[in-house]
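Read through the structure below, which is laid out as structure tokens, and then see the notes.
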Amino acid sequence: MFKKILVANRGEIAARVIRTCQSLGIATVCIYSEADKNAPHVAMADEAYGVGGPKVAESYLNIDKILEIARLSKADAIHPGYGLLSENAEFARRCEEAGIVFIGPSADVISRMGSKIEARNRMEKAGVPVVPGISYPLADAEEAAQAASRIGYPVMLKASAGGGGIGMQIVHSEAELHKAFEGNRKRASDFFGDGAMYVEKVVENPRHIEIQILADAYGHTVYLGERECSIQRRHQKVVEEAPSTYLDELTRGKMGEAAVKAATSIGYRNAGTIEFLVDEHKNFYFLEMNTRLQVEHTITEEITGLDLVAEQLRIAAGHSLNFGQSDVKRNGHAIEVRIYAEDPKTFFPSPGTITTFAVPEGPGIRHELAVREGSVVTPYYDPMIAKLVVRGKDRDEAIDRLQEALAHYHVQGIKTNIPMLQEVIAHPAFRSGDTTTGFVAKHLRS
């Protein structure tokens, strides 16, 4: 196993990785920007190094500086967390060239799956169902309109690179498509350095359900069940749960097998997630692959009893999986909600100093925290400040625990999305399991 790991991230995921390293007796190195010098993860690590200014381009995306710190601290591996450089093929390649283990898949795999268009092509060849659409980059709005007319409106205009809903828009007519094309292409180019666009058929009233996989270097790949992530706002996940109430065992098994097929077809290694859209008839379609740990990995851990970060470290260190598919069992039900520093009505970020921060404790409650009382939430980073995870013997108990926990979650000094989360959890449609991706637009107050 590794002796020392550098965590190339910040906030709650940096703290999460550090905790597992500590439990395994592995020394940790963290990096911090000028804005994060007093962040909780900095105090947790064995060593901490400033990496640059407050903006991510000056700090957490500074590959040269991060590798310099890795060499200086004599770290033998780097865990990228999620977001930031976690799916950056150049970073993975630079780690490999520097003789530092990148805890994740190879640079080549990241590069191939980072393009949604190339990923579609590969999945089609592997026999994994994909959403009806095109698998090539569009030259211009006219070509997009021609493709859309063949597919049939409404269509989803999508950027091939990146995520988070950037460069992504549902369009219902040719006029709407012409109006949307250039703006979305420019946003994708500005955010991801890649303006390639394509279109897919809109799947009506879908569920967003993803399969967690683990794959070692010896040909062993397993799936760890699914997570339903359909409660979203602006294409960003807000509430996730495992298992899905929608899937029957037959569909669950088919989706798991498809996820394994997807991973093995590209020679995948480490933890990864295959995301699917599932329609009203339980047909499922490949959406994309996340070549990293997911924000919502916690709920899979809660129902399987596995530490996914520990599994990542073991695989990266050259160990084989010590369990097979038949050993994977799920127990109970888990739900995660993301706590954002944002106005619950407008979803605009709410930076400021946290004057009160008190979280509930009790059976089946887990916290992943990026802040504490006195922390300053800056406008430089993603506004997620914490994750609240609950587990129950069944879904009803998990929901009851979540409602109670949210009622006793106290944050002052900034606005948070807790009122919006409470509204979601209290809605009869959520309690009944009617959780499509249109839930927020359909059921919540504007």
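Using the structure shown, decide if V222 is among the aliphatic types (A, V, I, L, M), within 23 Å of G438 (Cα to Cα) and assigned by TED's automatic domain parsing to the domain that holds A316.
No: the conditions fail for V222.
Of K387, K345, which residue is surrounded by 19 or more Cβ atoms within 10 Å (Cβ to Cβ) and outside any helix (DSSP H, G or I)?
K387
Hey, among the residues in region 13-31 that are surrounded by 22 or more Cβ atoms within 10 Å (Cβ to Cβ) and not hydrophobic (A, V, I, L, M, F, W, C), which one's nearest to the chain's Cα centre (by Cα)?
Per the stated criteria, the residue is R16.
For every residue, the table says whether it meets (1) of a type in the set (S, T, N, Q); (2) more than 25 Å from K158 (Cβ to Cβ); (3) at pLDDT below 95.
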{"position": "G193", "(1), (2), (3)": "no, no, yes"}
{"position": "T221", "(1), (2), (3)": "yes, yes, no"}
{"position": "L224", "(1), (2), (3)": "no, yes, no"}
{"position": "Y285", "(1), (2), (3)": "no, no, no"}
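Do we find a residue being touching a His at 6+ places or on another chain (Cβ under 9 Å), under 24 Å from K282 (Cβ atoms) and touching a residue at least 40 places away in the same chain (Cβ under 8 Å) anywhere in region 203-211?
No: region 203-211 contains no residue that is touching a His at 6+ places or on another chain (Cβ under 9 Å), under 24 Å from K282 (Cβ atoms) and touching a residue at least 40 places away in the same chain (Cβ under 8 Å).
Looking at K201 and the list (1) over 21 Å from G114 (Cα atoms); (2) in contact with a Gly (Cβ under 8 Å, 6 or more places away or on another chain), which single condition is not satisfied?
Among (1) over 21 Å from G114 (Cα atoms); (2) in contact with a Gly (Cβ under 8 Å, 6 or more places away or on another chain), the lone unmet condition for K201 is (1).
For V411, state whether it is touching a residue at least 24 places away in the same chain (Cβ under 8 Å), under 17 Å from R227 (Cβ atoms) and in a strand (DSSP E or B).
Values: touching a residue at least 24 places away in the same chain (Cβ under 8 Å): yes; under 17 Å from R227 (Cβ atoms): no; in a strand (DSSP E or B): yes.
Answer is no for this residue.
Kindly provide the set of residues from region 286-320 that are closer than 22 Å to N9 by Cα, of a type in the set (D, E, K, R) and crowded, with 21+ Cβ neighbours inside 10 Å, ordered by number.
Within region 286-320, R292, E296, E301, E311 meet the criteria.
Among the residues of region 414-446, write down those that are part of a loop (DSSP other than H, G, I, E, B), among the charged types (D, E, K, R) and under 17 Å from I231 (Cβ atoms).
D434, R445
Just checking, how many residues over region 87-104 are closer than 16 Å to R10 by Cβ and modelled with pLDDT of 95 or more?
1
Being closer than 26 Å to N290 by Cα, small (G, A, S) and free of Cβ contacts under 8 Å to residues at least 12 places away in the same chain narrows it down to one of A43, A77, A98, A57, so name that one.
On the way: A43 fails: closer than 26 Å to N290 by Cα; A77 fails: free of Cβ contacts under 8 Å to residues at least 12 places away in the same chain; A98 fails: free of Cβ contacts under 8 Å to residues at least 12 places away in the same chain.
That would be A57, the only listed residue that is closer than 26 Å to N290 by Cα, small (G, A, S) and free of Cβ contacts under 8 Å to residues at least 12 places away in the same chain.
Could you check region 1-84 for helices (runs of 4 or more DSSP H) lying wholly inside it with 2 or more residues that are under 20 Å from E373 (Cα atoms) and either in contact with a helix residue (DSSP H, G or I) (Cβ under 8 Å, 6 or more places away or on another chain) or hydroxyl-bearing (S, T, Y) (or both)?
On the way: elements: 11-23, 40-44, 63-73.
Those helices (runs of 4 or more DSSP H) span 11-23, 40-44.
The values are calculated or read from the model by the stated rules, or taken from the named source; none is laboratory data. Keep in mind that this is a model prediction, so the values were computed, not measured. Note: ideal-geometry Cβ built from the backbone for every residue, glycine included; neighbour counts use all protein chains shown.
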